[in-house]
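Asks: So that we are looking at the same thing, I have put the structure below in structure tokens.
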Amino acid sequence: MSSRPGVFPVSDEWKWRAWLDERGYREAYQRSITDPQGFWSEQAASLSWFTAPRKTRDVSFEPGEIRIHWFEDGVLNASVNCLDRHLHDGSRAAIIWEGDDPSESRTLSYAELHAQVCRLANGLRSLGVGKGDRVTIYLPMVPEAAVAMLACARIGAIHSVVFAGFSPESLAGRIQDCESRVLITADEGVRGGRRLPMKANVDEALRHCPQVSTCVVLRRTGGEVGWTEGRDLWYDELVARQAPACEPEPMGAEDPLFILYTSGSTGKPKGVQHSTGGYLLAASLTHKYVLDYHAEDVFWCTADVGWVTGHSYIVYGPLANGATTVMFEGVPGYPDSGRFWQIIDKHRVSIFYTSPTAIRSLIRDGEAPVRRSSRASLRLLGTVGEPINPEAWRWYYEVVGERRCPIVDTWWQTETGAIVIAPLPGATATKPGSATLPFFGVEPVIVDEHGRILEGACEGMLCLRQGGPGMLRTIYRDPARFVRAYFDAYPGLYFTGDGARRDEDGYYWITGRVDDVINVSGHRLGTVEIESALAAHPEVVEAAVVGYPHDVKGQGVYAYVTLKTHVRPTAALREELVRRVRRQIGPIAAPDAIQWAPALPKTRSGKILRRMLRKIAANEAADLGDTSTLADSSVLDGLIQGRREAATVALAERV
Ligand code: WTA
């Protein structure tokens, strides 16, 4: 394969420097499929257990007996794996924190991180938090976010981190769903030179969450905050009284480690529930093999801890491996668009893991900001979160990595917990735009719309016949929805919600979501949630939201809105609708374009034909396919005409 055009072979240097070469990968992968018990019991030994598991994989995707259990009789604690077992070299840097302002950075050694986690864990225990209790974490990108997660893990509490960009209403929904009694937040966040009103958002959210008895508040900026006596408590005052050692809670491997809410194609966000043992093993193994972590590396994942990528590759994966992990509070363009590369030089980052959106946003500013840095420490580049277009891949490879650093394009989901399809840098020749081959234990299959499994080169819906130990265990307190969302569509298989193509070399090319989920800047949004926010406006009859191609964000949010008769479609109303979505869900969900739609294309039974709306939004109206199912096909012409007028609206940034 190596001499073919469009294929980037593994260099000789990488064949020996990485953990596995091509043969090593093939043998390990084969064994993970043909001898899963033997393979996984060996892998499990890389974690530190109170009681080593004798059981390994016990998984069934069969109808009526859906079950995902791994290492069920093993007992461990995730924080011990991430901290205590590295204390023999306690002065080693665990977290390098880089502030939004370039003059601010902080390094926490493993010994310091351990002490901070123990103090907070003791503090939480003093508030009555124990095994199985849920704690919601709503924090900006500061080391205390990792401290809070690990403190929960230490005492067996289940954390639910909510992305700091979510609105008070979204936060309240997530607190209510898992019934947390304790919330950890900050006075304010700082991003791109601006302050975010975290505590004020919390105060608004908590008006709807009477069960929250304690709100722990970290001082990040020292800004003014509202205060509710008896409920609010300063973080520093809580931990100051606590001992820097804390007995870890022994956890069964299947006990939940965390819940993370994510958007699905229907209804409210789902509380994806992850396990302690299998999840930690999946995060640490992929961090080692795919991101090729070695002891001397400085590892930087630019995601936010509020998303699964931050959970697995800022916190759990790197810390379980004893790595130095970089955490960045700011944004790629502040104070200028050379910031990423300055940070790489400043902290001598060797492995850099970011999103296609970040890369595309930096391409706009040209090569000069990159060239002004040395990037001599870099050896490996990764991407995650959305399909990477081949042009962005090449720019990343040629300009950022100077053709020296392989790129690992890693496909996975909140549900898979860790990377499941990706190249290994010493083993897999890469093709720009392809996530390539499955990781250990993962069996991807492609099915057609009738659920038939396709063989060889093909295109269809991406399912998994086997996932790894990091797979979600259930939807928190909603096992029926868990089965419905992932296992009903194609019996015997886990359905990913993504479309994919497999080429003649067996490489996977992810084509994007095929359900009503859109991926904006790598953030997953349910179109239904945005539609309900729009439709709640008194002047709106209904709304339909689809994704459309966007130069930087990958996908943008395109909303078709039908107004009540006699309501005038004005620019002011458009902006009001955008503001409403920002308020209800968060700025990330704000529509990039709103098109007034006198009517929406529907079937005779009233179902909106989103496939057609997607085509119109993408300016592919010539290819609308079969329109015979439409109740009234004249609706389409009006929409196609309206699309031309709506084409250049870019609202999200203005409002
Ligand atoms: C998309 C983020 C193409 C995909 C880890 C998936 C990708 C969704 C890639 C999950 C990739 C993630 N190539 N598409 N390398 N990685 N996706 O749950 O549509 O926030 O289903 O997890 O992102 O998003 P989530």
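Asks: Which of the residues that make up segment 339-356 are in contact (Cβ under 8 Å) with a residue 40 or more places away in the chain and farther than 20 Å from G193 by Cβ?
Replies: Correct list: I344, H347, R348, V349, S350, I351, F352, Y353, T354, S355, P356.
Asks: Quick check on segment 596-626: of everything there that is free of Cβ contacts under 8 Å to residues at least 12 places away in the same chain and in contact with a helix residue (DSSP H, G or I) (Cβ under 7 Å, 6 or more places away or on another chain), which residue is farthest from V567 (Cα to Cα)?
Replies: D623
Asks: How many of the residues in segment 151-172 are touching a residue at least 40 places away in the same chain (Cβ under 8 Å) and outside any helix (DSSP H, G or I)?
Replies: 11
Asks: Report yes if some residue within segment 370-379 is more than 19 Å from S337 (Cβ to Cβ), of a type in the set (A, V, I, L, M) and out of contact with any helix residue (DSSP H, G or I) (no Cβ under 6 Å at 6 or more places or on another chain); otherwise report no.
Replies: Yes, the conditions are met somewhere in segment 370-379.
Asks: Okay, moving on. Exactly one of these conditions fails for I175: (1) without any contact (Cβ under 8 Å) to a residue 60 or more places away in the chain; (2) closer than 30 Å to R339 by Cβ; (3) assigned to a helix (DSSP H, G or I). Give me its number.
Replies: (2)
Asks: Would you check which residues across segment 471-492 are under 25 Å from W40 (Cα atoms), assigned to a loop (DSSP other than H, G, I, E, B) and out of contact with any helix residue (DSSP H, G or I) (no Cβ under 9 Å at 6 or more places or on another chain) and list them?
Replies: Passing the criteria: F487, G492.
Asks: Turning to a different aspect of this structure: Looking at segment 32-150, what helices (runs of 4 or more DSSP H) fall wholly within it and have at least 2 residues that are more than 30 Å from Y486 (Cβ to Cβ) and hydroxyl-bearing (S, T, Y)?
Replies: Qualifying helices (runs of 4 or more DSSP H): 110-126.
Asks: Ok, one more. Tell me yes or no: at least one residue of segment 391-400 is over 24 Å from E104 (Cα atoms) and assigned to a strand (DSSP E or B).
Replies: No, every residue in segment 391-400 fails to be over 24 Å from E104 (Cα atoms) and assigned to a strand (DSSP E or B).
Asks: E653 versus (1) modelled with pLDDT under 90; (2) closer than 22 Å to E529 by Cβ; (3) surrounded by 11 or more Cβ atoms within 10 Å (Cβ to Cβ): which is the lone unmet condition?
Replies: It is condition (3) that E653 fails.
Asks: Looking at segment 282-309, which of the residues that are out of contact with any helix residue (DSSP H, G or I) (no Cβ under 8 Å at 6 or more places or on another chain) and within 12 Å of the ligand (Cβ to nearest atom) is nearest to A28 (Cα to Cα)?
Replies: V290
Asks: When you go through L124, L206 one by one, which is the residue that is buried (at least 24 other Cβ atoms within 10 Å of the Cβ) and on the phi < 0 side of the Ramachandran plot?
Replies: From the options L124, L206, the qualifying one is L124.
Asks: Moving to a separate point now. Would you mind finding the one in A186, A200 that is without any contact (Cβ under 8 Å) to a residue 40 or more places away in the chain and of a type in the set (A, V, I, L, M)?
Replies: Answer to the selection: A200.
Asks: Another question, if that's okay. Going through segment 379-408 one residue at a time, which ones are at pLDDT below 95 and more than 8 Å from the ligand (Cβ to nearest atom)?
Replies: Matches in segment 379-408: N389, P390, E391.
Asks: Which residue is farthest from the ligand (Cβ to nearest atom), if the candidates are limited to segment 409-448 and must be among the charged types (D, E, K, R) and in a loop (DSSP other than H, G, I, E, B)?
Replies: It comes out as D448.
Asks: Which pairs have Cβ atoms under 7 Å, sit 6 or more apart or on different chains, and link a residue in segment 555-578 that is more than 19 Å from V517 (Cα to Cα) to one that is among the aromatic types (F, W, Y) and part of a strand (DSSP E or B)?
Replies: Sorted first by the residue in segment 555-578, then by its partner, the pairs are L563/W596; P569/W596.
Asks: Within segment 508-521, how many residues turn out to be under 14 Å from the mean Cα position of the chain (by Cα) and more than 7 Å from the ligand (Cβ to nearest atom)?
Replies: 4
Asks: Shifting gears a bit: With the structure loaded, tell me whether D336 is away from the ligand (no atom under 16 Å from the Cβ), under 19 Å from P406 (Cβ atoms) and either part of a loop (DSSP other than H, G, I, E, B) or touching a residue at least 40 places away in the same chain (Cβ under 8 Å) (or both) or whether it fails that test.
Replies: The answer is no for D336.
Asks: What is the residue count in segment 138-150 for residues that are touching a strand residue (DSSP E or B) at 6+ places or on another chain (Cβ under 8 Å), of a type in the set (A, V, I, L, M) and touching a residue at least 60 places away in the same chain (Cβ under 8 Å)?
Replies: So the count comes out to 6.
Asks: What is the one condition in (1) assigned to a strand (DSSP E or B); (2) away from the ligand (no atom under 16 Å from the Cβ) that G451 does not satisfy?
Replies: Of everything listed in (1) assigned to a strand (DSSP E or B); (2) away from the ligand (no atom under 16 Å from the Cβ), G451 misses just condition (1).
Asks: When segment 339-365 is examined, which residues are found to be away from the ligand (no atom under 16 Å from the Cβ) and modelled with pLDDT under 95?
Replies: Matches in segment 339-365: S361, L362, I363, R364, D365.
Asks: Please go through segment 116-161 and pick out each residue that is of a type in the set (D, E) and in contact with a Phe, Trp or Tyr (Cβ under 8 Å, 6 or more places away or on another chain).
Replies: Within segment 116-161, just E144 meets the criteria.
Asks: List the number of the failed condition for G468; all other conditions in (1) away from the ligand (no atom under 16 Å from the Cβ); (2) touching a helix residue (DSSP H, G or I) at 6+ places or on another chain (Cβ under 8 Å); (3) not hydroxyl-bearing (S, T, Y) hold.
Replies: So G468 meets the others, but not (1).
Asks: Additional query: Please tell me if D498 is modelled with pLDDT under 95, within 16 Å of the ligand (Cβ to nearest atom) and within 23 Å of the chain's Cα centre (by Cα).
Replies: Against the criterion (modelled with pLDDT under 95, within 16 Å of the ligand (Cβ to nearest atom) and within 23 Å of the chain's Cα centre (by Cα)), D498 does not qualify.
Asks: Here is a follow-up. In segment 526-566, what residues are exposed (fewer than 15 other Cβ atoms within 10 Å of the Cβ) and of a type in the set (V, I, T)?
Replies: T565
The values are calculated or read from the model by the stated rules, or taken from the named source; none is laboratory data. Note that the structure is a prediction, hence the values are computed from the model and not measured. For neighbour counting, all protein chains shown are included, and Cβ atoms are generated from backbone atoms with ideal geometry for every residue, glycine included.
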